[in-house]
1. Looking at the structure I just gave you, is V346 within 28 Å of E314 (Cβ to Cβ), modelled with pLDDT of 95 or more and within 16 Å of ligand 1 (Cβ to nearest atom)?
2. Does A75 satisfy being buried (at least 24 other Cβ atoms within 10 Å of the Cβ) and either hydrophobic (A, V, I, L, M, F, W, C) or within 15 Å of ligand 2 (Cβ to nearest atom) (or both)?
3. Let me confirm something: among Y344, Y335, which residue is touching a residue at least 12 places away in the same chain (Cβ under 8 Å), of a type in the set (F, W, Y) and farther than 21 Å from G381 by Cα?
4. Of the residues in segment 117-139, how many are away from ligand 2 (no atom under 16 Å from the Cβ), surrounded by fewer than 24 Cβ atoms within 10 Å (Cβ to Cβ) and under 17 Å from A161 (Cα atoms)?
5. Restricting to segment 309-344, give me the number of residues that are over 23 Å from E390 (Cβ atoms) and touching a Ser or Thr at 6+ places or on another chain (Cβ under 6 Å).
6. Got a sec? Which of V232, V246 is of a type in the set (V, I, T), over 30 Å from L337 (Cα atoms), at pLDDT 95 or above and outside the structural domain of F159 (by TED's automatic domain parsing)?
7. Report yes if L347 is surrounded by 18 or more Cβ atoms within 10 Å (Cβ to Cβ) and either part of a strand (DSSP E or B) or among the acidic types (D, E) (or both), otherwise no.
8. So, E331, is that one in a helix (DSSP H, G or I), buried (at least 18 other Cβ atoms within 10 Å of the Cβ) and either assigned by TED's automatic domain parsing to the domain that holds H106 or hydroxyl-bearing (S, T, Y) (or both) or not?
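The values are calculated or read from the model by the stated rules, or taken from the named source; none is laboratory data. Since the structure is predicted, the reported quantities are computational estimates derived from the model, not experimental observations. Glycine also receives a Cβ, built like all others from the backbone with ideal geometry; neighbour counts cover every protein chain displayed.
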Amino acid sequence: MKLIEPILADAAAIAAIRRDIHAHPELCFQEDRTGDVIARALADWGIPVHRGLGKTGVVGIVKNGSSARAVGLRADIDALPMTEHNTFAHASRHPGRMHACGHDGHTAMLLAAARHLAKHRNFDGTVYLIFQPAEEGGGGAREMMRDGLFEKFPMEAVFGAHNWPGMPVGMVGLNPGAMMASSNEFRIVVRGKGSHAALPHLGIDPVPVAAQMVMAFQTIITRNRRPIDPGVISVTMIHAGEATNVVPDSCEIRGTVRTFSVEVLDLIEQRMRDVAQHTCAAFGAGCEFEFTRNYPPTVNHPAETEFVRRVMGEVVGPANVVAFEPTMGAEDFSYFLQAKPGCYFVLGNGDGAHRDGGHGLGPCMLHNPSYDFNDELIPLGATAWVRIAEAWLAAPSDA
Ligand SMILES: [Zn+2]
Ligand SMILES: [Zn+2]
């Protein structure tokens, strides 16, 4: 690995900031203390700071030379509503809140890069350091955009990264297309007519209507979706009835849909709506259909992905930059990638052996109560950010 020497020299100090943030996790749009820590560090290093985009977002601005060119680097900063099982010194001080996705580490990697970029300024243009709140369900990326992120800070491209447990440190995973899925929820209410269960002909029973619908939804996956396009429909909740001798008057069906493209999502939503409405109509029942699109699919841009592959190949060696098998999880960096060219990639976080004594049982997976970010990643992640920014601003603008 070709790590940047001054970043390595600063790594222990940045790791201390990471552990302080880990001990004080904050949830979606409540990242006030975290924002203070970030803003204070940036200000100490002479970096102008803009606060308040997406409520608690922080943007650092590092300019050099005369070029109007600009690039954005993004770290998410929020924690999860879960209780940490670790008992080591920097474990969460707050039951019910934990940095179990490593956003404390993402923040630290970008801070380390910020410090280096501000000190050495080996580029011509502007680097925007985007510290984004509320990745875990709040859509902080979308909120920063609504508050004018890309108008206030025009940038040519934007890059994001996530630590990846189970992948060795020093390995990088990426893909020129889909990295993560869109995440969506549906809620359907079948409105029937209640009756005595011994006299069902006097009512409209919503239960067999719901049963037909659940089975028919799977034909959208097997008969309507092109077999080569990934897509999942999972009905996860069916609620009806209160007694064995009463036909209920309604039945509620809920679940999730995941796809890697908006086109497949459009198809699935439209077919589900048709199946739900027409199945209800066939049985004389009423239908309420709600479909909520949460995060869009996270889809990398091919040219920017090739760019990251080349830059990271120089840092970790080309053999250690590998294809990432897309996951059906979701990520709100997807909003940035819909608005700007860019690439989202993963950095191996190791197998969990890095954790201090006092970690709980279980693997070191993301969202696990025994997870901890690997501080070894700080100099690597920071080197990645610096090299990506320097190379982007050095390349011809049509690259
Ligand atoms: Zn997460
Ligand atoms: Zn995460």
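1. Numbers: within 28 Å of E314 (Cβ to Cβ): yes; modelled with pLDDT of 95 or more: yes; within 16 Å of ligand 1 (Cβ to nearest atom): yes.
The answer is yes for V346.
2. Yes, satisfied.
3. Y335
4. Number of matching residues: 1.
5. Count: 3.
6. Exactly one of V232, V246 is of a type in the set (V, I, T), over 30 Å from L337 (Cα atoms), at pLDDT 95 or above and outside the structural domain of F159 (by TED's automatic domain parsing), namely V246.
7. Judged against the criteria, L347 is a match.
8. On the way: in a helix (DSSP H, G or I): no; buried (at least 18 other Cβ atoms within 10 Å of the Cβ): yes; either assigned by TED's automatic domain parsing to the domain that holds H106 or hydroxyl-bearing (S, T, Y) (or both): yes.
When the stated conditions are applied, E331 does not pass them.
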